[in-house]
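So the structure is just underneath, and the comments pick up after that.
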Amino acid sequence: MEFSKIQELVARHGTPVLFLSESRLRDGYRNLKAALPGVDLYYAVKSNATREIVSILNTEDAFFDVCTNGEIDILKSCDITADRCIHTHPIKRDSDIRYAVEYGKPWFVADNEDELYKFIPYKDKLRLLIRMSIQNPGCLVNLSAKFGVVPEKTWDLIIKAHDLGLNVGGISFHAGSQNESPLKYIEALEYCRDICKKAALKGINIEVIDIGGGFPINYLTPVLPMAQFCQPIVDYLDRYFSSYRIIAEPGRVLSGPTMTLATKVMGRSLRNERWWYYLDEGVYGSFSGKMYDHADYPMFLERTGERFNSVLAGPTCDSIDVLYENISLPLLEIGEMLIFESMGAYTTASASNFNGFPKAKIVVVD
Amino acid sequence: MNSLIKFTTESGSSLWIKNLIHGMSGLTIRAKHAVFCDSSPFQKIEVFDTYSFGMVMCLGGTVVLTEYDSDIYHEMMTHPVMLMMKKPQRICIIGGGDGGCLREVLKHDTVSSVVIVEIDKMVTDTVKRFFSDLSKGFDDPRAQVVYDDGYNYLKSNMDKFDVIIVDSYDPGGPVGSLETADFYSIVAQRLADDGIVVFQTYSPTVNGEFLRNTYRSASALFQKTKPYICSMHSFPEGICSFLACAKNGNVFENFEKSRYESIAECCNYYNDDVHTGAFLLPQHIKRLLRS
């Protein structure tokens, strides 16, 4: 977005403000769809549950990945039916299962035996994906640390579910988040092949392979173009999984690039020979992703000139609310605007109104 | 590793099958058209009618069978070991759903039963449809087809076999369980005391590590192991290796001259000279096996 255009919008809407770009969202979805031909994309609503995002993706015929009753309500409010969604939370209460079952006949995810028993009262009304864990300590967020059954035990869990009369229809995995290479997906797919082989021989009908999310976007470090990243995965799927329905759960890759944050300097102070700038947005707001998602966002300012050692802090009274220490910046004025890109995923989603600072307003732009 | 490319040429078909080695070099075959394309739960199965190789079958994008040179492979996989044994009767083929090895072993009238353990029924069905000459052995009353994982079958079935033929097509094939040390030990248990097992060990140049690993695992379980090779036009490396293993090494000294004559009559590639030559290994393979 042009700086002048942002300034004009900020004059109208104030700061902090998140601009949601409809065209970037549509382009991002179509780009991923082209990179993963034949794969149904279930947008991970958790990454950014803004109703407009869900609604725009719905017009692109996207599918949706939800985890909670609240996320189901967002789909309902956009008139999205249950056949376009999967429920991917591995741990649920009976009331959660009931709510989702009443919404429609969804796919659920399980990764342990105790969870299987919860489905028994609803067994004719749902289908199951068994979630396998793929260890990936190298990625931004290791999603298999908390959930998933190890590959060696996945088959046993499928058999257990089958013996309980549950309808096991697929395997899911999460190769990590913001992955640098597609190799982890291939590793996971190799495990899936072994399981699918056993299932086919035993007459258990595995129809769906859910390759999860984890597709990377550009933060400070540029990543592979999406088509190039996906090519080895596509080749592998074509060789061995062409008789299966393949789905994915992209979150960050769709929502991340769509939002641009505009924030202003509320105040400044020269402390111990460092310039401290207090912005009107911090880690309790849209920068919550710095804490929870370990993300670093590209920053832009209009001013150039001599640079000084500086600190960027958020507005709240908590001393943890610091965004960048020891960064080199030109001398900023109070009221000066800073722009942050790639602010769509796990930002406003995990923001709070701590200290009475409301969450950043979201404005849809072209 | 392998994929199909389509591009336009001035005349004729524009469909090429690429069979590549690590994406860097390989073999391309020009096809007239695709005659079959479907997917089983295990892999993608395609058949093409080609100009120079006749019918060609690809599994998971890899060329595994051509009408033009499959005789070489199946004859070399079977006859050298069959003719070293005095009286091979009970045969087990792991993989081999194309029926090629079956057809060859049935040429030996000592054979009383052949069990083929193929994981993918669609492979067998496809071959019966498009490679009728290759699959004629399936009609023989001595043949029995079991659709299962070879490892499972040998583990749960206590029968002993005089010859076991492990005819899997690719180190990346549908049955990863056929490459484990555990599998070799199960094979050894199911082999009769004077029996022979033969493994296909792929290219000794490109997949040298696989041949060496199989050689090592097998050497720990069998008294004698004998690698041999043949040239294969449709392998992108041009060469294929096999590993014959026996609990009683003396069987390798034997050659059934009397039975040989009738076999040679109906072979296109195999004969007694080829038999002798196949076991003569070039220096780099000897070095690989010693390493």
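The values are calculated or read from the model by the stated rules, or taken from the named source; none is laboratory data. If you're wondering where the values come from, they're calculated on a predicted model, not measured in any experiment. Here Cβ is always computed from backbone atoms with ideal geometry, including for glycine, and neighbour counts include all displayed protein chains.
Counting the residues of segment A:233-248 that are assigned to a loop (DSSP other than H, G, I, E, B) and either among the hydrophobic types (A, V, I, L, M, F, W, C) or within 16 Å of A:ARG26 (Cα to Cα) (or both) gives 1.
The set of residues from segment A:29-78 being more than 18 Å from A:MET226 (Cα to Cα) and basic (Lys, Arg) comprises A:LYS46, A:ARG51, A:LYS76. Out of B:VAL146, B:VAL163, one residue alone is within 14 Å of another protein chain (Cβ to nearest Cβ) and modelled with pLDDT of 95 or more. It is B:VAL146.
Residues that are in contact (Cβ under 8 Å) with a residue 24 or more places away in the chain, of a type in the set (D, E, K, R) and out of contact with any His (no Cβ under 9 Å at 6 or more places or on another chain) number at least 1 in the following helices (runs of 4 or more DSSP H) confined to segment B:205-291: B:208-221. Scanning segment B:31-89 for residues that are more than 14 Å from every other protein chain (Cβ to nearest Cβ), surrounded by fewer than 24 Cβ atoms within 10 Å (Cβ to Cβ) and either acidic (Asp, Glu) or without any contact (Cβ under 8 Å) to a residue 12 or more places away in the chain (or both) yields B:ASP49, B:GLU67, B:ASP69, B:ASP71. In the set (1) farther than 22 Å from A:VAL10 by Cβ; (2) away from chain B (no Cβ under 14 Å), A:LEU237 fails one condition alone, (2).
Taking segment B:257-277 as the range and being among the acidic types (Asp, Glu), within 22 Å of the chain's Cα centre (by Cα) and modelled with pLDDT under 95 as the test, only B:GLU265 passes. Check whether at least one residue in segment B:278-290 is small (Gly, Ala, Ser) and at pLDDT below 95, and report yes or no. Taking every residue of segment B:278-290 in turn, none turns out to be small (Gly, Ala, Ser) and at pLDDT below 95. Which of the residues that make up segment B:110-136 are over 24 Å from B:GLY60 (Cβ atoms), at pLDDT 95 or above and not polar (S, T, N, Q)? Across segment B:110-136, the qualifying residues are B:VAL111, B:VAL114, B:VAL115.
Entry remark, segment A:143-187: residues being part of a loop (DSSP other than H, G, I, E, B) and under 20 Å from A:ILE233 (Cα atoms) number 9 in total. Exactly one residue out of B:VAL111, B:VAL117 is β-branched (Val, Ile, Thr) and farther than 21 Å from B:TYR202 by Cα, and it is B:VAL111. Out of curiosity, is A:TYR191 over 19 Å from the mean Cα position of the chain (by Cα) and of a type in the set (Phe, Trp, Tyr)? Judged against the criteria, A:TYR191 is a match. Going by what's in this entry, would A:ASP280 be described as among the acidic types (Asp, Glu) and away from chain B (no Cβ under 14 Å)? Taking the combined requirement at face value, the residue satisfies it.
When you check A:PHE173 against the structure, is it within 30 Å of A:LEU220 (Cα to Cα) and modelled with pLDDT of 95 or more, yes or no? Spelling it out, A:PHE173 is indeed within 30 Å of A:LEU220 (Cα to Cα) and modelled with pLDDT of 95 or more. Out of curiosity, is A:PRO232 closer than 18 Å to A:ASN136 by Cβ and within 14 Å of chain B (Cβ to nearest Cβ)? Against the criterion (closer than 18 Å to A:ASN136 by Cβ and within 14 Å of chain B (Cβ to nearest Cβ)), A:PRO232 qualifies.
Every condition in (1) surrounded by fewer than 23 Cβ atoms within 10 Å (Cβ to Cβ); (2) touching a residue at least 60 places away in the same chain (Cβ under 8 Å) holds for A:ALA200 except the one numbered (2).
Exactly one of these conditions fails for A:LEU129: (1) at positive phi; (2) assigned to a strand (DSSP E or B). Give me its number. For A:LEU129, the failing item is (1). For A:LEU18, state whether it is farther than 30 Å from A:ARG239 by Cβ, touching a strand residue (DSSP E or B) at 6+ places or on another chain (Cβ under 6 Å) and part of a strand (DSSP E or B). So A:LEU18 passes the test. For segment A:169-187, give me each residue that is surrounded by 21 or more Cβ atoms within 10 Å (Cβ to Cβ), in contact with a helix residue (DSSP H, G or I) (Cβ under 8 Å, 6 or more places away or on another chain) and within 14 Å of chain B (Cβ to nearest Cβ). Residue satisfying the conditions is A:ILE171 alone. For the residues A:LEU301, A:LEU279, A:LEU323, the requirement of being within 22 Å of A:GLN7 (Cα to Cα), aliphatic (A, V, I, L, M) and surrounded by 16 or more Cβ atoms within 10 Å (Cβ to Cβ) singles out A:LEU279. The set of residues in segment A:188-215 that are part of a loop (DSSP other than H, G, I, E, B) and within 13 Å of chain B (Cβ to nearest Cβ) comprises A:GLY203, A:ILE204, A:ASN205, A:ILE206, A:GLU207. Looking at the structure I just gave you, is A:VAL364 within 23 Å of A:ALA44 (Cα to Cα) and at pLDDT 95 or above? It is true that A:VAL364 is within 23 Å of A:ALA44 (Cα to Cα) and at pLDDT 95 or above. I'd like to know if segment A:305-319 contains one or more residues that are modelled with pLDDT of 95 or more and part of a helix (DSSP H, G or I). Looking for residues that are modelled with pLDDT of 95 or more and part of a helix (DSSP H, G or I), one finds none in segment A:305-319, hence no. Within segment A:260-284, the set of residues being charged (D, E, K, R) and assigned to a strand (DSSP E or B) comprises A:LYS264, A:ARG268, A:ARG271, A:ARG274. So A:VAL253 fits all but one of (1) within 10 Å of chain B (Cβ to nearest Cβ); (2) part of a helix (DSSP H, G or I); what number is the exception? Among (1) within 10 Å of chain B (Cβ to nearest Cβ); (2) part of a helix (DSSP H, G or I), A:VAL253 violates only (1).
Reported count of residues in segment A:28-63, each being among the hydrophobic types (A, V, I, L, M, F, W, C) and in a helix (DSSP H, G or I), is 8.
Based on what the data block shows, is A:LYS160 farther than 19 Å from A:ARG245 by Cβ and either within 13 Å of chain B (Cβ to nearest Cβ) or charged (D, E, K, R) (or both)? Spelling it out, A:LYS160 is indeed farther than 19 Å from A:ARG245 by Cβ and either within 13 Å of chain B (Cβ to nearest Cβ) or charged (D, E, K, R) (or both). Do we find that A:ASN218 is within 14 Å of chain B (Cβ to nearest Cβ) and over 21 Å from A:PRO37 (Cα atoms) in this structure? No: the conditions fail for A:ASN218.
Evaluate the following for B:GLY100: is it surrounded by 21 or more Cβ atoms within 10 Å (Cβ to Cβ), at positive phi and away from chain A (no Cβ under 14 Å)? Taking the combined requirement at face value, the residue does not satisfy it.
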